[in-house]
Amino acid sequence: MPLKLSSLRRAARWAAPSFAAASAGGLVAAIIDGLGDVGTIALGAGFVVLLVAPILLAISIVGRALYAGWQTPELAAIVGPDGAAPRLAAWLVVIAVDALVLVVALMIGTAWFAAHSAFTPLPVAYFEATLAAVLAVALAALSRPMAALATLALAPLARRAPRAFRPRAIVVTLAALAIAAGVATWFSIVQPSLGAFDTSVIDAPLAAAIAFGLVHATWSRWGRARAIASWAVVAVAGAAAASALVVAHVAPAATLELWGDRAIAGLAIDRAFDLDTIRDAIPLATFAPVPRPGADHPDIILVTIDTVRADHTPPYGGHAEMPTLAALADRGAVFDWAFSPSNVTRRSIPAMITGIGADRVRGRVVSWALRVDPRHVLLAERLHAAGYDTAGFMCCESFWGPELHTGLSRGLEHLEIEHDGAKLAKRARAWLEQRGKRANNRPLFLWIHILEPHNWSANGDPPVNERDHVYDHVLAQCDAMLADVIAFAKGAIIIVTADHGEGLGEHGHMNHSTDLYDSQIHVPLVLAGPHVATLRASETVSTTNLVPTVLDLAGFAPPTGRAIDGASFADLATGARASRADGHAFAAMIKDRSNPGGLTALVDGSWKIIDDGDRLELYDLATDPDEHTDLAKREPAKLAELRVKLRARQQAGRVSPFE
């Protein structure tokens, strides 16, 4: 039977508030998502609408359909002649109390289970599901008598103030109380417990939800303006969504920039488009460095050990038993003052393998890693394009696994992922041994990342007098792993460094990702192998210099220009020149989901300045390596000099590497 025009009109009228509310929510979310850069609100609005509006539309239609389905005669009977519905209020109160009891009981139960078990995923899932089921059955059994008692208690109040107990008033009042309780709980309990956790990502969804709710709540009062207003909102949202589809195809660079800089728009782009496919379409030759005429192309092995501070390793006077590292230092180049670009892995590793400062690396945080902007070019990609075999032996899945698409493994032809560092090192050794038995005309770049020191206190925070010993013991274990890796690396240039250091109580901080003192950013850097001299370099360097340095040592012209911050120190490592007094290194603590950010530091020669946004600190590392004495007031001329340099570097950090 043909669908009548009148039926279509009725359906359109019924659906109008849903489309209007969903479109309004999407547009408001787009505005909030782009507040940091108003110029890109219009560019990113369509992507936000594409993600948010369909979700809100589905919620609205399903919710309104369920509401309509509950408008039964039985429910209508709970409303008295005076319009009051105390029984409805009683049931809603009971439901709210039951939900609160369920949440609190699960929180307490989970906390108890965590304190009395190993708290592994499978037992936790079983325990929580069982506890929830038992509580739900108990609360369901109690709900009817509780509702009856609540009805008796509320009935006298309903007779005195029937208007306050009308269904609409009841729902609005309880909803307002629930929102107020949720906000109070969030700010008083949840948010303080999150520490530095970045909650700004919920701003746009929250604004969208508020706009969505307001449209529904006020729809009946729009009067004759409903049709015009709703169609206008829907039209604007539709035009924005259509423009997003166009932008994605005609302006891929702008799309990738939105992906890296906008939380909600980036999520929408991530879901709607395959960024890896776009990136893989770029020819490999595009990344190839320029070979130097007649230069050798030696094998290169890069060993990055997570969370290693320089002063605990033998080349820097440390007491950890690391004979393999010590032997490399005895026959190679030791950089006394090497600094990481940041104090957390997800920021330092991308900076180290792109040659770009941590404040200029673009990307989005996924899990505990940074998914780097696909426009960045990684060290392994450059070497692979230059004809190198490339291999990676990495910990862990959260950084190099295929599921999160971090991009950190781009350029690595052979990739193995293993959490256990000892097993990882043995797998790398076995692979090198097998490769050595084959005829290979191509040079090799192998990168191994070992995690163990990151979890040095995994068995609990040791007493203050045992922290150094426990930490050093883990470093000793890593040295055995290093020995396995280089056992079959004859004739290779070996580079050993760390992504960042570790606080062991200095300056009031344990672990890392909390400050930019040397305990967290001063890292070991040792090079050994063909053409590398035996020396100690006193020049200050940054590990963002690794990309141009490795390419230089591999026989290629190091990249230059705005797209890279690092500069090669290969001539220093080979002894072609002496250390300079003007070496410098910049570090930044970047604000994201679990890092408060707001800190930058610059090491210039032996002087170091730290800026926390409110005050400046100045240290002379040559005489005060532990940074106990702030010289900001005693050395105003030096402070002013370094402040100018730091401000210039901070300003440069705001410049996109893709401009």
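How much length, in nm to one decimal, is gained on full extension between Asp614 and Asp330, taken as 0.36 nm per residue of separation minus their Cα-Cα distance?
Here the answer is 97.9 nm.
Quick one: work out the % antiparallel among DSSP beta bridges in the chain, nearest 5.
55
With the cut-off at 1.5 for a/c, could you classify segment 74-142 from its C-alpha gyration tensor as rounded, prolate or oblate?
Prolate is the answer for segment 74-142, as a/c is 1.5 or above and a/b outweighs b/c.
Taking only complete DSSP H runs, can you tell me which helices of the chain stretch 30 Å or more along their own long axis by Cα positions and average at least -1.0 on the Kyte-Doolittle scale?
5-33, 41-69, 86-115, 121-160, 225-250
Taking amide H positions as placed 1.01 Å from N in the peptide plane, with prolines and chain starts having none, which residues 5 or more places from Thr390, or on another chain, fall under 5 Å of its amide H?
Residues meeting the amide H criterion: Glu413, His414, Phe445.
Once both labels are modelled 7 Å past Cα along the beta-carbon direction, what's the Glu403-Ile278 spacing in nm?
Between Glu403 and Ile278, the simple spin-label model gives 2.5 nm.
Sort the following peptides by mean Cβ neighbour count (other Cβ atoms within 10 Å, averaged over residues), highest first: 64-70, 90-96.
Ranking the peptides 64-70, 90-96 by packing returns 90-96, 64-70.
What is the calculated FRET efficiency for Ala578 to Thr110, with r their C-beta to C-beta distance and R₀ = 56 Å, to the nearest 0.05?
Calculated value: 0.40.
Work out the FRET efficiency for Thr623 and Ser656 from their Cβ-Cβ distance, taking R0 = 35 Å, and round it to the nearest 0.05.
Efficiency for this residue pair is about 0.35.
By how many nm would the segment from Arg10 to Val183 grow when fully extended, if each residue of separation counts as 0.36 nm and the alpha-carbon distance is taken off?
Full extension from Arg10 to Val183 adds 58.4 nm.
List the residues, sorted by chain then number, that are 5 or more residues from Gly363 or on another chain and whose placed amide H is less than 5 Å from its amide H.
Those lying under 5 Å, H to H, from Gly363 are Asp373.
What number, in percent, do you get for the relative contact order of the chain if the mean sequence gap of Cα pairs under 8 Å and at least 6 apart is divided by its residue count?
This gives 16 percent for the chain.
For segment 34-161, rounded, prolate or oblate, judged on the Cα gyration tensor with a ≥ b ≥ c (square roots of eigenvalues), a/c < 1.5 rounded, else prolate if a/b > b/c?
oblate
Under a plain spin-label model, where a point goes 7 Å from the Cα along Cα-to-Cβ, how far apart in nm are Ala235 and Thr534?
8.2
How large a share of the accessible area of segment 188-268, in percent, is made up of carbon and sulfur atoms when the probe is 1.4 Å and the other protein chains stay in place?
71
To the nearest 500 deg cm²/dmol, what mean residue ellipticity at 222 nm is calculated for the chain from DSSP H runs of n ≥ 4 alone, each contributing -39,500 (n - 2.57), summed and divided by the residues?
Counting only the DSSP helices, I get -16000 deg cm²/dmol.
Carbon and sulfur: what percent of segment 14-143's accessible surface (1.4 Å probe)?
81
For segment 352-444, give the percent of accessible area contributed by carbon and sulfur heavy atoms, probe 1.4 Å, rounded to a whole number.
In segment 352-444, the share of accessible area belonging to carbon and sulfur is 49 percent.
Quick one: if the Förster radius is 30 Å, what FRET efficiency do Leu206 and Trp70 give, using the C-beta to C-beta distance and rounding to 0.05?
Plugging the Cβ-Cβ distance into 1/(1 + (r/R0)^6) gives 0.65.
Take Val62 and Lys638, extend 7 Å from each Cα along the Cα→Cβ direction, and tell me the distance between the two endpoints in nm.
Using points 7 Å along Cα→Cβ, the separation is 6.4 nm.
Which far-off residues, 5 or more places away or on another chain, put their amide H under 5 Å from the one on Phe339, with H placed in the peptide plane?
Excluding prolines and chain starts, which carry no amide H, the hits are Val523, Val541, Ser542, Thr543.
For Asp311 and His507, compute 0.36 nm times the residue count separating them, minus their Cα-Cα distance, and round to one decimal in nm.
Separation in residues times 0.36 nm, less the Cα-Cα distance, equals 69.0 nm.
What Cys residues in the chain have no fellow cysteine's beta-carbon under 4.7 angstrom?
Cysteines lacking a close Cβ partner in the chain: Cys478.
Kindly flag which residue pairs out of Lys591/Lys633; Lys591/Lys638; Lys490/Lys591; Lys426/Lys608 have an alpha-carbon separation exceeding 32 Å in this structure.
Lys490/Lys591; Lys426/Lys608
The values are calculated or read from the model by the stated rules, or taken from the named source; none is laboratory data. Keep in mind that what you see is a predicted model, and the values were worked out from it rather than measured. Using ideal geometry, Cβ is built from the backbone for each residue, glycine included, and neighbour counts are taken over all protein chains shown. Accessible surface is based on the protein model in full, side chains and every heavy atom, while ligands, DNA and RNA are left aside. Shrake-Rupley method; radii C 1.70, N 1.55, O 1.52, S 1.80 Å.
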